[in-house]
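What follows draws every value from the coordinates through simple rules; no lab data is involved. Keep in mind that what you see is a predicted model, and the values were worked out from it rather than measured. Note: ideal-geometry Cβ built from the backbone for every residue, glycine included; neighbour counts use all protein chains shown.
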Amino acid sequence: MLLSTWHILLVAALATSFVAISRRVDERLGGAIATFLWALVAVGAFELAQVKKDSSGNLVEYAVEQPEVGVFAAAMALVMLVFTFAAATQQLPTRDATRFARS
């Protein structure tokens, strides 16, 4: 259950980052939510656990740590934090000046 929740957070963080960077929502709101989700993914990558049944039918908990994904998620949280502060201080170019301009 914890592992599937972590996977859902990972997909949500990826999707939110895309939506924020492509400016389909306000950059500040999307960036802040993406930063929060990436931080949760980073913390969760070091605390994953999976429960399986062994050959005798007993439930056994296995640690499934993914430090490389945790470091990547922490870096993405930092990138989205910088993006959010750039949007909040109006340092980003206008949407019309990007490739995401509406045709």
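Observations on the structure shown:
- Proximity of backbone amide H atoms, modeled 1.01 Å from N, is registered between A49 and L3, V64 at under 5 Å, excluding neighbours fewer than 5 places apart on the same chain.
- Candidates F83, W6, S56 compared by Cα position along the dipole of the chain: farthest toward the positive end lies F83, with charges placed on Cβ.
- Per-peptide average of other Cβ atoms within 10 Å, ordering 56-64, 4-12, 74-82 highest first: 74-82, 4-12, 56-64
- Helix-only [θ]222 nm of the chain, DSSP H runs n ≥ 4, -39500 (n - 2.57) each, per residue, nearest 500: -20500 deg cm²/dmol
- Only helices reaching 30 angstrom along their own axis (Cα) with mean Kyte-Doolittle hydropathy no lower than 0.5 count here, and for the DSSP H runs of the chain these are 67-88.
- In a reduced charge model with +1 at each Lys and Arg Cβ and -1 at each Asp and Glu Cβ, the stretch 2-93 shows a dipole moment near 300 debye about its Cα centre.
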